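Data first, discussion second: the structure below is written as structure tokens.
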Amino acid sequence: MCGVFGIFGHPEAANMAYLGLHALQHRGQESAGIVSSDGERLFGHRAMGRVQSGFSPADLAALPGDRAIGHVRYSTAGGSHLKNAQPIGVDYARGSLAVAHNGNLTNHEALREQLEERGSIYQTASDTESIVHLIAMSKKESLRERIAEALKQVEGAYSLLFLTERELIAVRDPRAIRPLCLGEMPGGSGVAHVVASESTAFDLIGARKVRDVAPGEMVIISAEGVRSEFPFAPEPRKLCIFEHVYFARPDSTIQGVSVYEVRKAFGRRLAIEQPVEPGDDLVVIPVPDSGVPAAIGFADRARAPFEMGLIRSHYVGRTFIEPQQSIRHFGVRLKLNPNRAVIEGKRVVVVDDSIVRGTTSRKIVKMIRDAGAREVHMRISSPPTRWPCYYGVDTPTRSELIAASHSVDEIRSYLTADSVGYLSLEGLVEGVRSIEAREGDAATPRPSADSYCHACFSGSYPIPFTPAAPNRQLRMVTG
Ligand code: 5GP
Ligand code: SF4
Ligand code: MG
């Protein structure tokens, strides 16, 4: 998964992009990059790791101009290497162009083969580069026509930002799988326009969210203002429901609804579908941070106290020190420590958003038991994750997904929990719809169960993909 941010018409464009990316850091920590423009040239800086470590004040000072786009990356297509960091920048016959992409192209392997046959030389291993080649090859006059022509040839999920000397163009794929929203704030001599994966990026810089970018919409921002085009044939809307489950920050709004409220609704439904016998000795604890809102909803509906039974360290990076003598649950304990005061002697409901491999959840159950819990009941605020994602979320292969090959009871046994309960697919979809019906924006049509992608839970993929597309490795590796 990745995050994108763009701004046009602000005297401190690169600084704003830096802050915007900081707010989107949860969407990718592998690399960060910003490309700015002063209207005549493009200036770029990309670095491995997080935004804060990758950009010094001097790096930002070297990014002049009143417009910029930025990207935080979590590798899906292409390996972890600076070459694959975004925004990708190129000089081509018509000028310079930078691109930042969130999503995954499903026909990338086929496209790349065709393009390489026609003479394209790839600089990166990322699927995004195919879009650049298609734009460079287009015979159309204007950039927006070239982008439209290129994107008509790609399939998959994309929220894209393009920056040239003159324009910032934002495009969302026709199914609107990945989020993208527009905002505005006071700029140099008028209004500055901003665009970001999530609205939380606007909060930090004092921008106001105007709306979500519509499915298939191309937003063209230039000195003349903002205008929209819809160059693609319409497709059914398929917003990624996993954004609501896990990916987006809870303080963001998507399609006018609060991600936090949706997660609480998942928790309330989970308490109805998968109840735990009530009693004075029952306590509901989240796996922080991802399980917190759902645990609040669960506790509310189950009329049981919500407690912080696992305390999270906020200082976990990579650890290079591993004691030679084995320490129980060492890896997980670096991040999470059970809070014996609220667990001991209790029947504990542990709420998390999802189980992927099950390895973390198993250690958590053991830690809670070791801290004196009488019973441990695992509750998951989404259905079993059984299928990999081909649209930009880095889920492991099917063989690594515990729910792909194990029944709920087998998972319970592996986790050594007293019970395990998942939210149903119907409950998940109804959870989002209940909040959308309550607070959704009037401009967005009332969603149906069909308006979401839930393929990682249901196996019902809205876009066909070329299976087993191997991640292309870079053969030439340079600094
Ligand atoms: P497991 O028990 O499967 O090892 O880990 C479950 C945890 O992984 C949950 O707390 C969940 O929030 C987290 N998780 C779910 N999806 C993702 C993802 O795409 N990336 C990362 N880093 N964590 C995830
Ligand atoms: Fe989102 Fe899952 Fe669909 Fe991927 S498969 S886009 S994670 S809902
Ligand atoms: Mg988690």
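The values are calculated or read from the model by the stated rules, or taken from the named source; none is laboratory data. Given the structure is predicted, the values throughout are model-derived calculations rather than measurements. No Cβ is skipped: glycine too gets one built from the backbone with ideal geometry, and neighbour counts run over all protein chains shown. Side chains are part of the model used for accessible areas, which takes the heavy atoms of the whole protein and leaves out ligands, DNA and RNA. Shrake-Rupley method; radii C 1.70, N 1.55, O 1.52, S 1.80 Å.
Label positions at Glu344 and Arg374, each projected 7 Å from the Cα along the C-beta direction, are separated by 1.5 nm. Rounded to the nearest 10 degrees, the angle from helix 128-137 to the longest Cα principal axis of the chain is 20 degrees. The spacing between the stretch 173-227 and the stretch 1-53, judged by their C-alpha centroids, is 15 Å. Taking packing as the residue-averaged number of other Cβ atoms within 10 angstrom, the listed peptides 181-194, 54-67, 1-14 run from highest to lowest as 1-14, 181-194, 54-67. Take 417-423, 30-36, 86-92, 203-209 and order them by the average number of nearby Cβ atoms within 10 Å per residue, most first; the result is 30-36, 417-423, 86-92, 203-209. Compared with the alpha-carbon gap, the fully stretched path from Glu149 to Ala58 is longer by 28.9 nm at 0.36 nm per residue. Note that the chain presents 42 Å² accessible area per residue, ligands and nucleic acids not counted, probe 1.4 Å.
Past 32 Å, Cα to Cα: identify those pairs from Lys83/Lys140; Lys238/Lys335; Lys152/Lys264; Lys209/Lys264; Lys83/Lys152; Lys209/Lys363, in the order given. As for pairs spanning more than 32 Å Cα to Cα, those are Lys238/Lys335; Lys152/Lys264; Lys209/Lys363. Taking label points 7 Å from Cα along the Cα-to-Cβ direction, Arg312 and Lys335 give a separation of 0.9 nm. For helix 259-273, what angle does its Cα long axis make with the longest principal axis of the chain, in degrees from 0 to 90 and rounded to 10? It is inclined by approximately 30 degrees.
Here the chain was treated as a single set of alpha-carbon atoms; its pair distances binned every 20 Å from 0 give 24, 54, 21, 1 percent. Atom-type composition of the exposed protein surface of the chain places 50 percent of the accessible area on carbon and sulfur (1.4 angstrom probe).
Under the simplified labelling scheme, the Phe230-Thr360 pair shows an inter-label distance of 3.9 nm, with each label point 7 Å from Cα along Cα→Cβ.
What you get for the chain, charging only the Cβ of Lys and Arg (+1) and of Asp and Glu (-1), is a dipole of about 840 debye around the Cα centre. The mean of 1/r over all distinct Cα pairs in the stretch 2-238, once inverted, gives the Kirkwood hydrodynamic radius of 17.3 Å. Sorted on the mean count of surrounding Cβ atoms within 10 Å across their residues, most packed first, peptides 251-258, 222-229 read 251-258, 222-229.
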